[in-house]
Amino acid sequence: MKTIALHSIHEALNAKMVPFAGYIMPVQYEGVTLEHQTVREGVGVFDVSHMGEFIIEGPMALELIQKVSSNDASKLTIGKAQYSCLPNDLGGIVDDLIIYKLKEDSYLLVVNASNIDKDWDWIVSKNSMGAKMKNSSEDYSLLAIQGPKAVDAMQSLSSVDLSSINFYNFTISDFAGVKDVIISATGYTGSGGFEIYCKNSDAKQIWERVFEAGKSYEIKPIGLAARDTLRLEMGYCLYGNDINDETSPIEAGLGWVTKFTKTFTNSEALELQKQNGTERRLVGFELLERGIPRKDYRIEDTEGNEIGIVTSGTMAPSLGKGIGLGYVLSDHKAIGTDIRIAIRKHKVAAKIVKLPFYKK
């Protein structure tokens with residue numbers, strides 16, 4: 001198991017450390033519900049330094065990115081980021097990722113920790129045009145400072161007006177006494193804030209100054225368990241649960257990042273799916289009775305017929321009810337459809353709802 005740069009700090013904070021995607025990571029500190037509400041109402045800090053970072057640059061960089069990614073990266077300008085996915089040759093998804101345009105002919109690709117090696121090998125296999133590639137995953141730390149008070153709490157640490165960084169935009173500037181830090185507004189929680197990409201050697205200084213600056217805002221460290229409940233309340237997909245090598249971007253509801261203005265891996269087959277529809281679709285649902293839906297629970301119609309499967313589920317701390325994502329047969333996908341979730345021997349009433357579950 002690998003360790004992240006701030007491992008000893010998390011241990012000193014009595015974090016519960018668990019294996020995750022090949023790393024030992026802090027899953028919680030004081031409890032999931034408390035940490036979740038801290039981000040929804042105040043400001044909290046996630047250490048997500050296990051994420052992967054690839055640099056792709058040179059005159060052929062955009063051509064390679066366009067070939068492997070579903071979204072249209074030609075629309076990116078310097079300082080903007082884009083959510084996308086890497087389709088495979090069989091209709092599924094290698095990974096989802098964020099693409100940042102750092103400068104002309106230079107891009108940062110941020111990928112999921114569990115897929116770093118798989119993604120790297122996949123992109124290398126498609127690099128027939130000779131774009132320059134560098135895997136910098138071991139060199140960088142990533143802190144996500146999230147919550148409605150994040151900007152006010154952190155403004156003293158940077159000369160940049162943090163409130164001016166719009167969603168899916170970023171800047172490279174000073175932060176917490178460190179030069180050339182990426183400050184990005186590409187959060188995974190739905191409560192505002194931003195992310196800090198820095199070299200491992202600068203992570204400790206930044207962490208300490210962040211907590212010093214945020215002290216009067218009651219800033220807290222937040223673990224990966226709360227990150228999962230926060231993203232699920234927003235209806236955001238998690239790779240390995242809601243999307244994987246066998247789920248297509250179209251059936252996963254990611255048609256909005258699948259642009260057919262260009263040719264990319266398996267784009268012809270995916271375009272046919274977009275035109276003709278898919279057999280199943282990813283939907284959000286909420287329970288109408290007590291219960292907690294979990295991954296792989298059966299989804300049934302009101303007559304007891306199996307129509308799908310839960311891919312993510314939790315008791316939503318902000319809503320006080322069970323919520324989940326899952327795939328259902330497409331003729332059952334309509335908002336308001338009554339369904340049942342098979343929780344052990346019980347058939348718990350639920351309905352399909354519009355995402356996100358949590359609305360500010």
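What follows draws every value from the coordinates through simple rules; no lab data is involved. Everything numeric in this text was worked out from a predicted model, so none of it was measured. Here the Cβ is made from the backbone with ideal geometry for all residues, glycine too, and neighbour counts use every protein chain on show.
Of note:
- Gained length - residue 33 relative to residue 298, 0.36 nm times residue gap less alpha-carbon distance: 92.8 nm
- Inter-probe distance in nm under a simple model that places probes 7 Å from Cα toward Cβ, at residue 208 and residue 330: 5.7
- With neighbours defined as other Cβ atoms within 10 Å of a residue's Cβ, the residues 283, 124 order from fewest to most as 124, 283.
- Placing unit charges on the Cβ atoms only, positive for Lys and Arg and negative for Asp and Glu, gives the stretch 279-353 a dipole magnitude near 320 debye about its Cα centre.
- Label point at residue 309 placed 7 Å out along Cα→Cβ; residues across the stretch 325-360 whose backbone nitrogen lies under 13 Å: 326-329
- Extension reserve of the residue 138-residue 155 stretch, reckoned as 0.36 nm per residue once the Cα distance is removed: 3.3 nm
- Farthest towards the positive end of the charge dipole of the stretch 79-233, among the residues 142, 98, 219, is the Cα of 219, using unit charges on the Cβ of Lys, Arg, Asp and Glu.
- Dipole magnitude for the chain: about 660 debye, using +1 per Lys or Arg Cβ and -1 per Asp or Glu Cβ, origin at the Cα centre.
- Inter-label distance for residue 20 and residue 174, nm, one decimal - labels placed 7 Å from Cα along Cα-to-Cβ: 3.3
- For the stretch 52-135, the convex hull drawn through the C-alpha positions has a volume of 78 cubic angstrom per residue.
- Legend: Rg and Dmax of the stretch 248-305, from Cα coordinates, 15.7, 47 Å.
- For the chain, the equivalent ellipsoid derived from the alpha-carbon gyration tensor has semi-axes of 32, 28, 17 Å in decreasing order.
- The lysines within cross-link reach of residue 215, meaning a Cα-to-Cα straight distance under 20 Å and a gap of 8 or more places when in the same chain, are 149, 204.
- Counting only DSSP H runs of at least 4 residues, each contributing -39500 (n - 2.57), and dividing by the residue count of the chain, the helix-based mean residue ellipticity at 222 nm comes to -6000 deg cm²/dmol.
- Ordering 207, 122 by the number of other Cβ atoms within 10 Å of each residue's own Cβ, fewest first, gives 122, 207.
- Hits among lysines - C-alpha to C-alpha of residue 347 under 20 Å, sequence gap 8 or more where chains match: 295, 321, 333
- Options 112, 73, 50, ranked by Cα towards positive dipole end of the stretch 28-117, top entry (Cβ charges): 73
- Overall, the stretch 1-143 carries a charge dipole of about 220 debye about its Cα centre when +1 sits on the Cβ of Lys and Arg and -1 on the Cβ of Asp and Glu, all other atoms neutral.
- Using a simple spin-label model with pseudo-atoms 7 Å out from Cα toward Cβ, residue 274 and residue 201 lie 4.5 nm apart.
- Principal axis dimensions, the stretch 279-353 - Cα atoms, whole angstrom, descending: 32, 24, 20
- For residue 103, the lysines whose Cα comes closer than 16 Å to its Cα, not counting residues fewer than 8 places off in the same chain, are 75, 80, 132, 134.
- Each of 344, 209, 290 was scored by other Cβ atoms within 10 Å of its Cβ. Listed from fewest to most, they are 344, 290, 209.
- Contour minus Cα-Cα distance for residue 63 and residue 353 (0.36 nm per residue): 100.5 nm
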